[in-house]
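Bear in mind these aren't lab numbers, they're just calculated from the coordinates by the rules spelled out. Note that the structure is predicted; figures quoted are calculated from it, not measured. Every residue, glycine as well, gets a Cβ built from its backbone with ideal geometry; the counts of neighbours run over all protein chains shown.
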Amino acid sequence: MNVVPESAAIIQERRVTTHFTIRRATAADAADVLICLHEAFAPYRGLYSEEGFRDTTLDEDTVQRRISEMCVFIAADAEGEVAGTIGGAANDGQGHIRGMAVRPPWAGTGAAQTLLEAIEAELRGRGCTRVTLDTTEPLERAMRFYERNGYRRTGHVGDFFGMPLYEYAKQL
């Protein structure tokens, strides 16, 4: 079953909500997490290899694994509609953020900021003093967002299915 049908056009209507409820995602939220990832990354699909896009946007099995292995949050607006998602994991005082996505109608509404602050607080609460994340070149807006929030490039550049993968880090 494909939870994000090709016909699911990205809604271009801009939301004005600036207040979001953040909660931990459960297995029942998997479809909403997939929708967030697919809608947020759809404009970049042609810039990713097929494997890279699949790894970024997940599928039913990988989203369930991420929800069970990581702390995954979702942001919902006042009507309860899911606007975005983010995940993070803690290991020996180091946190790592993965899978941040805000659905296009909520871009610029504060959803990304609220999600980032929530995962940083969670990782800090788990004893992390440093957090990292990785991003790719097509995501220039995301890079600027992370830099405005105190993340800096570490100089480590990995390979993400044939694309440069830039590591960013921040002291918490």
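Could you point to the label whose value was computed as semi-axes √(5λ) of the Cα gyration tensor in Å for the structure here, given [x] 29, 22, 16; [y] 23, 19, 16; [z] 26, 20, 14? Step by step, semi-axes √(5λ) of the Cα gyration tensor in Å for this structure corresponds to label [y].
Between the exposed loop cleavage positions of the chain, defined as trypsin sites (Lys or Arg not before Pro) in a non-H, G, I, E, B DSSP state with at most 15 neighbouring beta-carbon atoms within 10 angstrom, the longest gap is 15-125. From its DSSP helices (H runs of at least four residues, each -39,500 (n - 2.57)), the chain gives a residue-normalised ellipticity at 222 nm of -9500 deg cm²/dmol.
Between the alpha-carbon centres of the stretch 26-48 and the stretch 97-132 there is a gap of 16 Å. Taking all Cα pairs closer than 8 Å and separated by 6 or more residues, the relative contact order of the chain comes to 22 percent. Ordering 46, 101, 35 by Cα displacement along the dipole of the chain toward the positive end leaves 101 in first place; charges were set at the Cβ atoms of Lys, Arg (+1) and Asp, Glu (-1).
Structural descriptor for the stretch 79-152: relative contact order 32 percent, calculated from alpha carbon pairs under 8 angstrom and at least 6 residues apart.
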